[in-house]
Amino acid sequence: MPREKSKSKFVGMRLTEEHNQALSRLQQDSKASKSDILLRGLELLSEYYSLGLDKPPLNFDLKKLESEAMRLADAMKQVRDKRLAVHQMVQELAEVDRILDKYDGQKSALIQVLLDIQTEHNWLPKPALIWVSERLGVPLSRIYQIATFYKAFSLAPLGRHVFHVCLGTACQVRGARRLLDNVAGVLGIEPGQTDPGQRFTLRTVNCLGCCALGPVMMVDGKYYSKPDIKEIEALAASCE
């Protein structure tokens, strides 16, 4: 009589060594058994479907935000792991929520909301703009119009220290171009650029409102009149 093959009550996929290691790490991190992890996963799936997140437009919005999280993490040379990238974006969007709540979600406060986000992040990340568009009901294209019109905003990561060199008429006649060349030489970047380590950003402006001090530059909100190369080098060294 042929021998019956033993059957498992719980049939799963054949796991590779890599899968087994990943499962072991997951169990260690969560301090839960495989069955507990699976049940929790099913609960989350159930909630996912009950909220309609598998259907457009919500699933489209989620995918868009997820891809933006990965793109942003890669651009910032930060985490590349999807879970960590999404977790980081969730924290950042929660901060955007806090800013929006401060202004009661009023459309009229859009510019101030963007200013607060710029102050918090030192630039305007795309996921944050998508979130502001969703919360305020303002088209994303309109938000981009504002963000590109005002020089106070940046759509690219700025350095931790921003050097503004005035190229207004009063500063020009007093040697603003020479000052700009000196600053660019010390920082190793051209106007409009940020160094690879995101330490410095160099920008030019048409006026800093202190023409009598020209040529003048502003660093992190402080004004410097007629600085020579040694002073610029000392200032750059003291920034960190």
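The values are calculated or read from the model by the stated rules, or taken from the named source; none is laboratory data. The shown structure was predicted, so the numbers you read here are calculated from the model rather than taken from an experiment. Methodologically, a virtual Cβ is constructed for each residue, glycine included, from the backbone with ideal geometry; neighbour enumeration extends over all protein chains shown.
Residues that are out of contact with any helix residue (DSSP H, G or I) (no Cβ under 7 Å at 6 or more places or on another chain) and exposed (fewer than 15 other Cβ atoms within 10 Å of the Cβ) number at least 2 in none of the strands (runs of 3 or more DSSP E) confined to region 198-240.
Output yes when any residue across region 147-165 is assigned to a helix (DSSP H, G or I) and of a type in the set (A, V, I, L, M, F, W, C), and no when none is. Checked against the condition, which is being assigned to a helix (DSSP H, G or I) and of a type in the set (A, V, I, L, M, F, W, C), region 147-165 yields at least one hit. Out of all the residues in region 193-214, which are touching a residue at least 12 places away in the same chain (Cβ under 8 Å), touching a strand residue (DSSP E or B) at 6+ places or on another chain (Cβ under 7 Å) and of a type outside the set (Val, Ile, Thr)? Scanning region 193-214 gives ARG199, PHE200, LEU202, ARG203, CYS207, LEU208, CYS210, LEU213, GLY214.
With respect to (1) in a helix (DSSP H, G or I); (2) in the same structural domain as VAL96 (by TED's automatic domain parsing), the lone exception for TRP123 is condition (1). Residue selection: VAL132 fails the criterion of being assigned by TED's automatic domain parsing to the domain that holds LEU93, over 22 Å from VAL162 (Cα atoms) and in a loop (DSSP other than H, G, I, E, B). Scanning region 166-189 for residues that are surrounded by fewer than 16 Cβ atoms within 10 Å (Cβ to Cβ) and in a loop (DSSP other than H, G, I, E, B), we see that the one that is nearest to the chain's Cα centre (by Cα) is GLY188.
Filtered by the rule that a residue be closer than 15 Å to ILE232 by Cβ and either touching a helix residue (DSSP H, G or I) at 6+ places or on another chain (Cβ under 7 Å) or not small (Gly, Ala, Ser) (or both), region 152-181 gives HIS161, VAL162, PHE163, HIS164, VAL165, CYS166, ARG177, ARG178, LEU179, LEU180, ASP181. Once region 56-66 is narrowed to residues that are in contact with a helix residue (DSSP H, G or I) (Cβ under 9 Å, 6 or more places away or on another chain) and not acidic (Asp, Glu), the residue that is surrounded by the fewest Cβ atoms within 10 Å (Cβ to Cβ) is LYS64. One residue stands out in region 131-152 among those that are under 26 Å from LEU213 (Cα atoms) and in contact with a Leu (Cβ under 9 Å, 6 or more places away or on another chain): the one that is modelled with the highest pLDDT, namely TYR150.
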